[in-house]
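Accompanying notes for the structure given below.
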């Protein structure tokens with residue numbers, strides 16, 4: 001009998017790639033989606049069973065019906081900087097929703113949860129200091145999930161992600177902005193660029209989720225861990241030059257053309273080997289990705 | 001000019017006593033209350049300016065209008081054990097509300113916040129392990145408030161409380177249950193009673209809030225602290241016998257007549273002297289309280 005996954009955040013970049021991989025690996029995949037999600041264009045739309053759920057809804061009926069072997073929680077509302085009227089949405093999406101998910105798991109005898117966190121929970125290398133309210137809501141979710149792990153014996157692994165990239169990424173992320181600037185030969189106002197970024201290809205991130213699921217199956221006891229998915233670390237300046245070099249063009253970047261953002265992360269946390277996902281190492285490189293893009 | 005306090009949780013036991021003390025000390029007091037709160041019977045009803053606010057409401061207009069010198073945040077939804085349909089209310093009251101409060105403070109240039117936590121955030125002496133979902137929501141709130149403390153330069157002190165007692169307490173708490181059992185000579189089924197409880201008289205708790213406010217005024221820089229309000233520690237068995245002895249009656253308790261509750265706290269965290277509110281020590285004793293009650 002095939003394994004059954006319940007995925008949240010499937011309409012997002014990483015969640016979508018994870019779903020494709022799970023299907024390719026023979027899992028049956030159910031997904032929790034918002035009623036207003038556009039699912040028609042998803043490549044796996046016929047293969048996945050979608051469950052529409054609304055804000056604050058009790059998830060026990062759907063989790064109890066699906067009875068997944070593993071819940072992959074990737075849904076989140078990401079806001080680098082929030083407006084005051086977005087506080088409720090951040091708390092609803094990033095705190096209340098995972099809590100209701102864990103509550104439903106505990107009520108349904110579903111015991112394996114992979115949660116998604118962010119390296120931005122550790123501003124300036126602190127054990128905990130959030131870069132922004134988004135990162136604080138991620139920490140809060142971990143706090144709440146720990147209750148279920150301890151009191152309801154859930155196996156819980158949180159993967160804290162850094163920046164990610166990959167084919168088909170519709171988010172306007174750094175690498176894509178750099179590639180577009182080189183291609184369009186349009187001047188790009190950038191920060192001074194001394195900050196370090198930590199980048200992992202989405203397929204490697206997906207591998208980290210799959211490996212973690214395997215560990216949850218292999219472990220007879222309970223796992224309760226935070227693990228990092230840390231990839232290539234580069235100064236933004238060096239990354240920009242590398243993008244230009246690899247694509248055979250000088251990058252038209254104006255470093256210092258805009259200031260650093262408030263609370264810019266200059267040095268992301270640097271997890272030790274023993275804090276990473278065991279057995280995981282990235283296969284993809286930014287360079288090979290760029291060569292693929294330029295082809 | 002008198003100092004201005006904005007109090008949440010004023011209809012609760014500790015919040016009400018704090019408001020009385022602030023008024024007696026010459027503060028002007030504003031309070032955020034729910035629309036359905038019954039305020040008519042409050043002794044200070046004529047002295048306090050009440051602001052009715054509904055769930056999820058933007059608090060910037062009211063905080064900006066009141067412009068308090070200190071915000072005393074005591075409102076909370078306490079549930080020793082929650083039902084699945086109460087998860088939303090716990091997150092709304094204990095996480096979203098204080099976040100909206102801090103957001104409004106940051107927007108209004110209000111910088112001093114005293115938050116209320118619980119010793120139950122530290123089950124079995126862990127740095128963080130919540131006894132119940134209530135305690136987890138308190139931890140989550142601390143983690144969200146830390147964002148505002150760091151990014152918006154709020155001065156933030158969280159007072160983590162243990163059990164409290166005092167005259168006029170309408171909560172059915174241990175001491176009152178014991179007193180009633182002695183008075184009514186009715187057999188009381190109790191747990192085996194080996195757990196330790198940590199009890200502080202409400203007037204001493206109020207003192208801790210007042211002292212903390214003084215520290216916020218005296219501090220030229222920013223405070224960012226967690227402080228404990230820990231009082232008399234006793235085994236439940238010993239406490240019960242002391243109640244009987246003090247009231248001149250054998251306590252009709254049947255120890256072991258009911259089991260410990262799930263996740264019973266056997267030994268509460270024992271904060272060191274340097275983790276307590278500086279300059280604070282309890283004045284009231286359980287014994288003097290009991291002698292007062294029996295008069």
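The values are calculated or read from the model by the stated rules, or taken from the named source; none is laboratory data. The structure presented is a predicted model; accordingly, all values stated were derived computationally and were not measured. Note: ideal-geometry Cβ built from the backbone for every residue, glycine included; neighbour counts use all protein chains shown.
Structure notes:
- Residue within region B:118-141 that is touching a residue at least 24 places away in the same chain (Cβ under 8 Å), in contact with a helix residue (DSSP H, G or I) (Cβ under 6 Å, 6 or more places away or on another chain) and over 28 Å from residue B:270 (Cα atoms) present: no
- Region A:234-264, residues that are out of contact with any helix residue (DSSP H, G or I) (no Cβ under 7 Å at 6 or more places or on another chain) and part of a loop (DSSP other than H, G, I, E, B): A:248, A:256, A:257, A:258, A:259, A:260, A:261, A:262, A:264
- Any chance residue A:198 is within 21 Å of the chain's Cα centre (by Cα), assigned to a strand (DSSP E or B) and at pLDDT 95 or above: yes
- Yes/no for residue B:208 being in the same structural domain as residue B:19 (by TED's automatic domain parsing), closer than 19 Å to residue B:163 by Cβ, surrounded by 14 or more Cβ atoms within 10 Å (Cβ to Cβ) and in contact with a strand residue (DSSP E or B) (Cβ under 8 Å, 6 or more places away or on another chain): yes
- Selection from region B:240-271 of residues that are under 21 Å from residue B:160 (Cβ atoms) and in contact with a strand residue (DSSP E or B) (Cβ under 9 Å, 6 or more places away or on another chain): B:265, B:266, B:267, B:268, B:269, B:270, B:271
- Matching entry among A:113, A:96, A:101 (being under 27 Å from residue A:84 (Cα atoms), more than 9 Å from chain B (Cβ to nearest Cβ) and surrounded by 23 or more Cβ atoms within 10 Å (Cβ to Cβ)): A:101
- The set of residues in region A:167-196 that are surrounded by 20 or more Cβ atoms within 10 Å (Cβ to Cβ) and either closer than 30 Å to residue A:142 by Cβ or out of contact with any strand residue (DSSP E or B) (no Cβ under 8 Å at 6 or more places or on another chain) (or both) comprises A:175, A:179, A:182.
- Assessment of region A:33-42 against the conditions (modelled with pLDDT of 95 or more and assigned by TED's automatic domain parsing to the domain that holds residue A:131) yields at least one matching residue.
- Residue pairs meeting the criteria (Cβ under 8 Å; at least 6 apart or on separate chains; first within 14 Å of another protein chain (Cβ to nearest Cβ) and on the phi > 0 side of the Ramachandran plot, in region B:253-281; second part of a helix (DSSP H, G or I) and modelled with pLDDT of 95 or more): B:263/A:151; B:263/B:123
- Count of region A:122-140 residues, restricted to those that are within 9 Å of chain B (Cβ to nearest Cβ) and closer than 14 Å to residue B:128 by Cβ, is 3.
- Residue match in region B:66-83 (condition: more than 26 Å from residue A:97 (Cα to Cα), part of a helix (DSSP H, G or I), touching a strand residue (DSSP E or B) at 6+ places or on another chain (Cβ under 9 Å) and within 13 Å of chain A (Cβ to nearest Cβ)): no
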